[in-house]
1. Looking at segment 26-38, I want the residues that are over 19 Å from Ala57 (Cα atoms) and free of Cβ contacts under 8 Å to residues at least 40 places away in the same chain and have a partner that is among the aliphatic types (A, V, I, L, M) and surrounded by 12 or more Cβ atoms within 10 Å (Cβ to Cβ) with Cβ atoms under 8 Å, at least 6 apart or on another chain. Which pairs are those?
2. If Gln51 satisfies all but one of (1) on the phi > 0 side of the Ramachandran plot; (2) modelled with pLDDT under 95, what's the number of the condition it fails?
3. Keeping to segment 83-93, report how many residues are part of a strand (DSSP E or B) and touching a residue at least 60 places away in the same chain (Cβ under 8 Å).
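The values are calculated or read from the model by the stated rules, or taken from the named source; none is laboratory data. For clarity, every value in this text was computed on a predicted model and none was experimentally measured. Note that we place each Cβ from the backbone using ideal geometry, even for glycine, and neighbour counts take in every protein chain shown.
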Amino acid sequence: MSINAKSQTAIKDQIIGNWKVENIIVKSTNNEMKELSKAFKNSIFSFKKNQDFNFTANQKTQLTSMFEQMLQNQKWIFDEKRKIIKIGTVKSGYNIMDITAKIENNKAYFNFDETELNLELIKI
């Protein structure tokens, strides 16, 4: 999947707002990944202009609670060099989560390399 640099840098501005997970594609046969994919269904990713980041799970399970706690009080930055959204803090080096994102037609597509999950989100 290739996207020109102009559309990638626009992601930094376009990503601001709240995004609801509409569809999930699981590339893994691992049961933990399947369970994690269920946790993401209808969840909200919130990217604020001041770089605050929030994740709200629709389903409350042990896994989603752990995920919400891990992502609480985090920040986001757009890594221009690697063309990814990084979640974390300055102190952590924004190493909690990396998201490869593509935005088109008011939909966002998130790829998490470490989880083998692809999410399709709508702006709300």
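1. Taking only residues 6 or more apart or on different chains, not a single pair turns up.
2. (2)
3. Of segment 83-93, the ones part of a strand (DSSP E or B) are 84-88.
Now drop any that are not touching a residue at least 60 places away in the same chain (Cβ under 8 Å), which leaves 85.
So the answer is 1.
Each row is one residue, and each column tells you yes or no for (1) among the β-branched types (Val, Ile, Thr); (2) out of contact with any Pro (no Cβ under 9 Å at 6 or more places or on another chain); (3) crowded, with 18+ Cβ neighbours inside 10 Å; (4) assigned to a strand (DSSP E or B).
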residue: Ala39; (1), (2), (3), (4): no, yes, yes, no
residue: Lys49; (1), (2), (3), (4): no, yes, no, no
residue: Asn58; (1), (2), (3), (4): no, yes, no, no
residue: Gln69; (1), (2), (3), (4): no, yes, no, no
residue: Lys81; (1), (2), (3), (4): no, yes, no, no
residue: Asn95; (1), (2), (3), (4): no, yes, no, no
residue: Tyr109; (1), (2), (3), (4): no, yes, no, yes
